[in-house]
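Everything below concerns the one structure shown next.
The numbers here are math on the coordinates, done by the rules we state, and not lab data. Keep in mind that this is a model prediction, so the values were computed, not measured. Note that we place each Cβ from the backbone using ideal geometry, even for glycine, and neighbour counts take in every protein chain shown.
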Amino acid sequence: MRAGFPDFRLGNVLATSFTGTLSERHGNAVERLPTPHRLIDWLAVNGLAVGSCTTAQLELARELRESIHAAATAAAIQDALPPSAVQVINDCSAQGRAAAILTPEGERQWRLGSASCVEDALSVIAADAISIIAGERDGKLALCASPTCRAAFFDTSQSRTRKWCDMNTCGNRQKKARFHANQRKDPGSAE
């Protein structure tokens, strides 16, 4: 990873992990893909290695990210999907040359075209977004309960009642805030 940039927030679902490359959307936003090289890094960490990335491809990736976020948010609150977001997701899905392959361990991996490019990787991310937004996978789209985050995430917990996109960041931050608020109300309770 390149020094000087915020860490990636990785999850188990490719599409929602990709939307997490912009966090704290309703607070002090943190852009985790500020340069084409950071997009290359994120794709490599997620098994979608590409050789290079232009500024135009980075902008396309950000457009896809925001489209997935908009569509996933609408799906999570059971609202109509924004037509412009659906168009971007569909266009990105259709333009790539990626194939799913089965590993000897019985896992799915993606093989990009021989001259792998960012568009191939984005097609995989778009296809993943389509599968979760369309309800083809076991889980539920939800929005992070943090008022500054509101990230879309895919809840695969047994009860489907998860509140936070990531317990180590948003969940802990909210629990700490609640703890400190309770301490201010009753200073003697910590003894």
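A count restricted to segment 68-107 and to residues that are hydroxyl-bearing (S, T, Y) and free of Cβ contacts under 8 Å to residues at least 24 places away in the same chain stands at 2. Among residues of segment 33-73 being of a type in the set (A, V, I, L, M) and surrounded by fewer than 19 Cβ atoms within 10 Å (Cβ to Cβ), the one that is farthest from L112 (Cα to Cα) is A56.
Just one residue in the set D91, D120 is under 24 Å from C53 (Cα atoms) and either touching a Leu at 6+ places or on another chain (Cβ under 8 Å) or among the β-branched types (V, I, T) (or both); that residue is D120. Among the residues making up segment 17-63, those that are over 27 Å from A145 (Cβ atoms), in a loop (DSSP other than H, G, I, E, B) and among the aliphatic types (A, V, I, L, M) are L48, A49, V50.
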